[in-house]
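Below: one structure, written as structure tokens.
Every read-out reported here was derived from the displayed coordinates using simple, explicitly stated rules and does not represent laboratory data. Keep in mind it's a predicted model, so treat the numbers as computed, not measured. Quick reminder, even Gly has a Cβ in these numbers, built from the backbone with ideal geometry, and neighbours come from all protein chains shown.
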Amino acid sequence: MQLGGLRGGQYQILSQEEVQRIHNASLQILKRTGIKSRQQEILQIFSDGGAEVDFEQGRVRIPSSLVEDAINKAPSKIILCGRDEKNDLVLEDKKVYFGTGGAALKVLDLETGKVRKPLLKDIANIARLVDALDNIHFFIRPVVAQDIPQEFLDVNKYYAALSNTSKHVMGSAYSVKSALEVIGMAEKIVGGKEALQKRPIISFITSWMKSPLALDDFTTSILIRIAKERVPVALSSAPMAGSTSPVTLAGTLAQVNAEQLSGIVLTQLVSPGAPVLYGAIPSVADMSSMSFLCGAVELGVLSIAAAQLAHYYDIPFYAWAGLTESKIPDVQAGYEKAVTALLVGLAGANYIHNSAGMLESTTTVAYEQYVIDNEIIGMVMRTLRGIEINEDTLALEVIDKV
């Protein structure tokens, strides 16, 4: 039985006062420190919208009033549709959905057990597998296919996914041109531009932010165009505590929240009401190697706090959980995945990606891991369902008879 869309939010790690303090700190960061961009078009958008822009230094300082206006314009409810309506995802409040994710460069081959390069057929095969797993609610392309030239990769990966699953499909785009090709294909499937806006069977992820507080101008141009097309888009920013953000978790939250708010401001300036997902995905760094510790419990702790911030703004939350550093499906993979999946689910994150199939810090996927993770997610969703209390379930007559 599919249990997607159950309500989380039972666990909160921050008090309301602490949420407000992080919000205020983020506003101060945007007003005093600002964000950086070298692209004149982007700087002009912010300037025209009321931000203080130093065109020579490429610095944008955003007043609090502009942030508040953007938050008010961003939708509090986004419906991400599947080709089958039963797979529609209603992202609002604290409804919880889990799905795939990643851009893995390795596949643990199901037959040989050895690592190999991912192919386009893996996207198709994994999409077909996910379509049969009830507790995986959406599909993000999990691998970067190595048998397709990059200029043709986006439209082919979306086609492979849409042809093999009736669930919602999300992915990235390498260029404005390829994003428009994908949107055009989806419009043909659903019956036109207005039909796609009404029932978006696709959405996008944009890693537009290079933490700390610097825009990736090329990807930001893609984000701007997607926002203008009014296709849902996740604003992914992923600072690492101790590396690209302060070593303190509170400082990392203040920074990633400022980054998210700047993205919300930008999208609402170019297309008021554009459907965006608050996409804070902070992590912590391994100070010995400076790589990110995706299996660390702090990833879950940070995501709980980020969920509270997204709920504070009443904007759907694109989160991550269910990750591991293990290279194979083993005990380590099981407990690392289960801990963060449960934490982030209980936090009420709306759209939890990377929660199925991923291994080795999201660099490897394994077919059997999807089946295992489907079971883990099912247990999390059962936890969210809670206990029904009524006259029948209290079973007083049964107790009395026994």
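Can you work out the Karplus-derived ³J(HN,Hα) for every residue in segment 324-341? Use 6.51 cos²θ - 1.76 cosθ + 1.60 with θ = phi - 60°, whole Hz, and x for glycine or proline.
Computed from phi, the couplings for segment 324-341 are 8, 8, 5, 8, 9, x, 9, 4, 4, 4, x, 6, 5, 5, 5, 4, 6, 4 Hz.
On alpha-carbon atoms, Rg over Rh for segment 254-402 using Kirkwood Rh?
1.11
Pick out, in residue order, every one of the chymotrypsin sites (Phe, Trp or Tyr not before Pro) in segment 1-88 that is DSSP loop and has at most 16 other C-beta atoms within 10 Å; say none if there are none.
Y11, F55
What residues from segment 253-287 fall in the zone where the backbone N is under 12 Å from a label point 7 Å along the Cα-to-C-beta line of K228?
Residues 270-271 fall inside that zone.
What does the extension gain come out to for L119 and M290, with contour length at 0.36 nm per residue minus their alpha carbon separation?
Extra length available between L119 and M290 comes to 58.6 nm.
Could you size up the charge dipole of the chain around its Cα centre, putting +1 on the beta carbon of Lys and Arg and -1 on that of Asp and Glu, and report it in debye to the nearest 20?
That gives the chain a dipole magnitude of about 780 debye.
Using label points projected 7 Å from each Cα along Cα→Cβ, tell me how many nm separate E151 and Q57, to one decimal.
4.0 nm
Assuming a viscosity of 0.692 mPa s and a temperature of 37 °C, what translational diffusion coefficient in µm² per second does Stokes-Einstein assign to the chain, Rh being the Kirkwood radius over Cα pairs?
154 µm²/s
Highest first, please rank the peptides 170-182, 375-387 by the mean number of other Cβ atoms sitting within 10 Å of their residues.
Ranked from most to least packed, the peptides come out as 170-182, 375-387.
If each DSSP helix of 4+ residues adds -39,500 (n - 2.57) and the sum is divided by the residues in the chain, what number results at 222 nm, nearest 500 deg cm²/dmol?
Theoretical 222 nm ellipticity from helices: -14000 deg cm²/dmol.
Once you've got the GNM for the chain with C-alpha springs shorter than 10 Å, pick whichever of E325, E111, E259 has the biggest mean-square fluctuation.
Looking only at E325, E111, E259, the biggest GNM fluctuation is shown by E111.
Compare the Cα positions of N374, I35, V155 along the charge dipole of the chain (+1 at Cβ of Lys, Arg; -1 at Cβ of Asp, Glu; about the Cα centre) and return the one farthest towards the positive end.
V155
Between A214 and K193, what is 0.36 nm times their sequence separation minus the Cα-Cα distance? Round to one decimal in nm.
Result: 4.3 nm gained on full extension.
Please give me, ordered by residue number, the chymotrypsin sites (Phe, Trp or Tyr not before Pro) of segment 334-402 that lie in loop per DSSP and have at most 15 other Cβ atoms within 10 Å.
Answer in residue order: no site qualifies.
Over segment 6-398, what is the relative contact order in whole percent, taking alpha-carbon pairs under 8 Å and six or more residues apart?
RCO, segment 6-398: 21 percent.
Considering only T244, T362, T33, give the residue with the highest GNM mean-square fluctuation for the chain, with springs between Cα atoms whenever their separation is below 10 Å.
T33
For segment 6-398, build the charge dipole from Cβ charges (+1 Lys, Arg; -1 Asp, Glu) around the Cα centre, then report which of Q10, F317, A195 sits farthest towards its positive end.
Value: A195.
Report, to one decimal in Å, the Kirkwood hydrodynamic radius for segment 3-112 based on all distinct Cα pairs.
It works out to 18.3 Å.
Taking the Kirkwood radius as the inverse of the mean 1/r across Cα pairs, report the Rg/Rh of segment 114-227.
Radius of gyration relative to Kirkwood radius: 0.98.
Compute a Gaussian network model of the chain, connecting alpha carbons closer than 10 Å, and tell me which residue from L223, L110, L249 fluctuates the most.
L110
Would you work out if segment 167-269 is rounded, prolate or oblate? Take a ≥ b ≥ c from the square roots of the eigenvalues of the alpha-carbon gyration tensor; rounded if a/c is under 1.5, else prolate when a/b is larger than b/c, oblate otherwise.
Verdict is prolate for segment 167-269.
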